Amino acid sequence: MREQIEQIRQEAVAALSQAADLSALDAIRVGVLGKKGSLTAALRGMKDVSPEERPLIGQLVNEAKDAVEQAVELNKARIVRRQREREAATERVDVSLPGRKIARGSLHPLTETLDEISAIFEKMGFVWEDGPEVETDWHNFGALNFPPDHPARDEQDTLFLENGLLLRTHTSPVQVRVMQRHRPPVRMIAPGWTYRKDAIDATHYPMFSQVEGLLVDKNVTLGDLRGVLKFFVREFYGPQTEIRLRPSFFPFTEPSAELDISCFACRGTGSRDGKVCPVCKGTGWKELLGAGMVDPAVFQAVGYDPEEVTGFAFGMGIERIAMFRYAVDDIRLFFDGDLRFLRQF
Ligand code: PHE
């Protein structure tokens, strides 16, 4: 029995010192110490050993076990060390290799345009308000003084949903919601998506975005509206930009106006390189947005006293502004998601 244990121990230690890799090492360990291993089998033979000899044999088995386990650890370290040396010798880090290029995303041109617009109005103390895209007829039309038979209420222009709801056709309903929530004064902008049943072409898309503006206080005048819009335009298009207000009509403002800016492409001259300016078609002006003084009927609808307060509102299409800004001639480019287009910004 003693010789047998001694032999197992010596053979195991010798074999371990020859093992070339970790799996060979483990196979040897299992072969000796595992459930069906040689040392485990020897232990089972203990029942044939006389009671006097048993303690001694037990001690030998334990020593053999310790020796084999130690040899396993030692040789594991040897194998790992060898592996590392081999790797260090054969694998090289080429420090002159150029770095891997990390693909950087960028903001969508519409997002950038909106960020710039809202930053300018925030400077003037306007706060950002949100409203739902699914609206009631009352918020989108009724409270804004649209008569019941107004053409905008037609199936042809508005996307109606079930239960009398609709997709808002402009951001003006946010004016209504904010005035219902807050007592005056109000100074807000409301950017967001708007929807119209338009056929898609170079300048129309059924989904587009607007920025609404509303300022209500005591003694607000058309001159204040002009001053705010002029400041905006000069910040956005440059200090040389001229503005003009042209009479117009919206049900919710009285008087109403369209704001034109001097064409930045021809600096208002109407011609470029001896030809008719393609941006303003020779007029020297570009129509930018709709605006006006809040109609007393709107104040009445939201519970404001038109004798107490006055105000102005304006609304602009973000796509239109971005198209001028970046000389983009087709609105569809903003929605196609073509990276060749988007990477230019
Ligand atoms: N809501 C108008 C539109 O969509 C724009 C507008 C807003 C005009 C506020 C006047 C005042 O055309």
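Read-outs: derived from the displayed coordinates by stated rules, not from any lab. Because the structure is predicted, anything quoted here is derived from the model rather than measured. For neighbour counting, all protein chains shown are included, and Cβ atoms are generated from backbone atoms with ideal geometry for every residue, glycine included.
Summary table
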quantity	calculated
Cα-based radius of gyration of segment 209-259 once divided by 2.2 N^0.38 Å, which approximates compact folds	1.22
0 to 90° range, to nearest 10: angle between helix 2-18 axis and the chain longest Cα axis	40
Placed amide H near SER248: partners under 5 Å, 5+ positions off or other chain	SER256, ALA257, GLU258
Using a Förster distance of 51 Å, the FRET efficiency for ALA27-ALA327 (Cβ separation, nearest 0.05)	0.10
5 angstrom amide H check on ARG272, placed H, neighbours 5+ away	CYS277
Hz values of 3J(HN,Hα) by residue in segment 154-170 - Karplus curve (6.51, -1.76, 1.60), Gly and Pro given as x	6, 3, 6, 10, 10, 8, 8, 10, 6, 6, x, 7, 8, 8, 4, 8, 7
For q = 0.13, 0.19, 0.26 Å⁻¹, Debye-computed log10 I/I(0) when each Cα of segment 91-140 counts as one equal scatterer	-0.63, -0.89, -1.01
FRET efficiency estimate (nearest 0.05) - Cβ-Cβ, ILE102 to ASP157, R0 51 angstrom	0.65
Sorted largest first, extent of segment 64-129 alpha carbons per principal axis (Å)	86, 35, 17
CD proxy at 222 nm, helix term only [per DSSP H run n ≥ 4: -39500 (n - 2.57); per residue of the chain; nearest 500]	-12500 deg cm²/dmol
Angle in degrees between helix 109-123 and the longest Cα principal axis of the chain, rounded to the nearest 10	60
Cross-link pairs LYS230/LYS275; LYS35/LYS76; LYS123/LYS197; LYS36/LYS65 - those with Cα-Cα distance over 23 Å	LYS230/LYS275; LYS123/LYS197
Spread of Cα-to-Cα distances over 10 Å intervals beginning at zero, given as percent, for segment 157-293	11, 31, 35, 18, 5, 0
Shape parameters for segment 240-345, alpha-carbon atoms, Rg then Dmax in Å	18.1, 56
Whether segment 180-236 is rounded, prolate or oblate, judged on the alpha carbon gyration tensor where a/c under 1.5 counts as rounded	oblate
Alpha-carbon gyration tensor eigenvalues x 5, square-rooted, for segment 75-187, Å	64, 20, 16
For PRO148, net neighbour charge (Lys/Arg +1, Asp/Glu -1) across residues whose Cβ lies under 15 Å away	-4
Taking N as its residue count, the alpha carbon Rg of segment 148-211 over 2.2 N^0.38 Å	1.29
Positive minus negative residues near ARG272 (Lys, Arg vs Asp, Glu; Cβ under 14 Å)	+3
Ellipsoid equivalent to the chain - semi-axes via the Cα gyration tensor, in Å	85, 29, 18
Gap separating the Cα centres of segment 267-289 and segment 299-318, nearest whole Å	34
Cα centroid of segment 196-240 to Cα centroid of segment 151-176, whole Å	20
Rounded tilt (10° steps) of 54-90 against the dominant C-alpha axis of the chain	50
Fully extended contour minus Cα-Cα distance, from GLU254 to THR283, at 0.36 nm per residue	7.8 nm
Two-decimal log10 I(q)/I(0) for segment 1-75, as the Debye equation yields it once each C-alpha is a single scatterer, q = 0.11 Å⁻¹	-0.27
